[in-house]
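*Asks:* My structure is below; once you've seen it, I'll send some questions.
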Amino acid sequence: MATEHFSTRYQDLDTWPSLDVLSAFYEGQLAAVAAVRPSLPAIAAAAEEAVKRLRRGGRLVYAGAGTSGRIGVQDGTELPPTFNWPDDRVVYLIAGGTGAIMQAVENAEDSVEEGIAGIRDNGIGPDDVVIGVAASGRTPFTIAALKEAASRGAQTIGISNNPDTPILEACSHPILADTGEEVIAGSTRMKAGTAQKVILNLLSTLIMVRMDRVYRGLMVNMRATNAKLRRRSEIMVSQITDCDDATAIEAIRQSDGDLKTAVLIALGANLEDARGALARNGGNLRKALADFTRTA
């Protein structure tokens, strides 16, 4: 596997000046990001299919071991606060259990049984989207989870940093970021991990855009859980409607913090009409605004 290869270029790395070592690491990170570009069509296709299932009430499921599992958790935990994605519609299957997020659990990644059990115990089905991440592309736990999910009709997305690997064959939507050898041989928390994070960022964010949780590049489904985010909410309502701060604050109060509803209220709708316009348009703010304008 390329990610395990030893490069003679770096055989004296530990004797280099610190700036040279950092330059090598930095170049590796840039190369990792560049390795994602060829996979953009595959990411887009995976996202479009995921949206179909999630609109039926399905869940996003992240499966992985070690660094790959932790990166999946990092991506998934950002979705509820950023896009108000329901907490009960994100599932994490980590080899070794949730304790492995903070501390490595040796040999857990080799457990086929645990991978299968995670899918079965969570009742994964046709509306769910299972994302398996493995730098090697060969992790038994993750591959087993994907195969079991596929047998239950779920969408399966496999992310690998090595070509021609089992994980890419075990899923309906393979995504490859061929990051090659690491500066420190086998340390896939570096280049491979960076590419995985980029892919998951792109995939989950595109899904949220297509799920109508973004309008004009703004997080209109955001949970305003602190002073900074409450102020951001006010700015967004003002920016979208061109209203003053006082109007935005009052609209947000009337909508009980729902930004999409607040936008319509700031434009003159009452609470009932604002909610009705959004309901008729599946929560799509752009369509609801057009609907409100037509009926106003």
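*Asks:* How about the range 79-125: which GluC sites (Glu not before Pro) there lie in a loop by DSSP and see at most 14 other Cβ atoms within 10 Å? Don't skip to the end; give the middle numbers.
*Replies:* Working: sites: Glu106, Glu109, Glu113, Glu114; in loops: Glu106.
Of the GluC sites (Glu not before Pro), the ones in loops of the range 79-125 whose Cβ has at most 14 other Cβ atoms within 10 Å are Glu106.
*Asks:* Loop only per DSSP, at most 14 neighbouring Cβ atoms within 10 Å: give me the trypsin sites (Lys or Arg not before Pro) in the range 12-113, ordered by residue number. Mind showing how you got there, number by number?
*Replies:* Values: sites: Lys52, Arg53, Arg55, Arg56, Arg59, Arg70, Arg89; in loops: Arg55, Arg56, Arg59.
Sites meeting the loop and neighbour criteria: Arg55, Arg56.
*Asks:* Which one, Asp245, Asp121, Asp87, has the greatest fluctuation when you compute a Gaussian network model over the chain with C-alpha springs under 10 angstrom?
*Replies:* Maximum among the listed residues: Asp121.
*Asks:* Let me ask another. Can you compute the charge dipole magnitude of the range 75-165 about its Cα centre, using +1 on each Lys and Arg Cβ and -1 on each Asp and Glu Cβ, nothing else charged? Give it in debye, rounded to the nearest 20.
*Replies:* Working: 5 positive and 14 negative charges, 41 e Å.
That gives a dipole near 200 debye.
*Asks:* On to the next question. Longer than 30 Å from Cα to Cα, which of Lys191/Lys228; Lys52/Lys228; Lys52/Lys191; Lys197/Lys287; Lys52/Lys197 are they? Say none if no pair is.
*Replies:* On the way: Lys191/Lys228 33 Å; Lys52/Lys228 34 Å; Lys52/Lys191 32 Å; Lys197/Lys287 32 Å; Lys52/Lys197 23 Å.
Long pairs (Cα-Cα over 30 Å): Lys191/Lys228; Lys52/Lys228; Lys52/Lys191; Lys197/Lys287.
*Asks:* Charges only on Cβ, +1 for Lys and Arg, -1 for Asp and Glu: so what's the dipole of the chain about the Cα centre, in debye to the nearest 20? Intermediate results must be reported in sequence, preceding the final value.
*Replies:* Working: 31 positive and 36 negative charges, 235 e Å.
I would put it at about 1120 debye.
*Asks:* Something else now. Just Leu168, Leu19, Leu79 to compare: in a GNM of the chain, with alpha carbon springs under 10 Å, which one fluctuates most?
*Replies:* Of Leu168, Leu19, Leu79, the most mobile in the Gaussian network model is Leu19.
*Asks:* For Cα Rg over 2.2 N^0.38 Å, which listed value, (1) 0.94; (2) 1.15; (3) 1.03, comes from the coordinates shown?
*Replies:* (2)
*Asks:* Per DSSP H run of n ≥ 4, the term is -39500 (n - 2.57); total these for the chain, divide by its residue number, and report the mean residue ellipticity at 222 nm rounded to 500 deg cm²/dmol.
*Replies:* On the way: 12 runs with 150 residues, N = 296.
Computed mean residue ellipticity for the chain: -16000 deg cm²/dmol.
*Asks:* Find the relative contact order for the chain and round it to a whole percent, using C-alpha pairs within less than 8 Å whose residues are 6+ positions apart. Write out the running numbers ahead of the final one.
*Replies:* Numbers: 527 pairs, mean separation 58.9, N = 296.
Over the chain, the number comes to 20 percent.
*Asks:* Compare the Cα positions of Leu229, Thr247, Gly137 along the charge dipole of the chain (+1 at Cβ of Lys, Arg; -1 at Cβ of Asp, Glu; about the Cα centre) and return the one farthest towards the positive end.
*Replies:* The residue sitting farthest along the positive end of the dipole is Thr247.
*Asks:* Among Ala108, Ile124, Gly96, whose Cα sits farthest toward the positive end of the charge dipole of the range 58-167 (+1 at Cβ of Lys/Arg, -1 at Cβ of Asp/Glu, about the Cα centre)?
*Replies:* Ile124
*Asks:* Another question, if that's okay. Classify the range 70-122 from the C-alpha gyration tensor, please: rounded if a/c falls under 1.5, else prolate or oblate depending on whether a/b exceeds b/c. Please list the in-between numbers first.
*Replies:* On the way: a/c = 3.47, a/b = 1.65, b/c = 2.11.
Note, shape of the range 70-122 comes out oblate.
*Asks:* Extending each Cα 7 Å along its Cβ direction at Arg223 and Ile101, get the distance between those two points in nm, one decimal.
*Replies:* 1.3
*Asks:* OK, next. Put +1 on the Cβ of every Lys and Arg and -1 on every Asp and Glu Cβ in the chain; which of Ser187, Leu206, Gly257 then has its Cα farthest towards the positive end of the dipole?
*Replies:* In the chain, that residue is Gly257.
None of the figures in this text is laboratory data; all of them are computed from the coordinates on show. In this text the structure is predicted, and so the values were computed from the model without any measurement. Here Cβ is always computed from backbone atoms with ideal geometry, including for glycine, and neighbour counts include all displayed protein chains.
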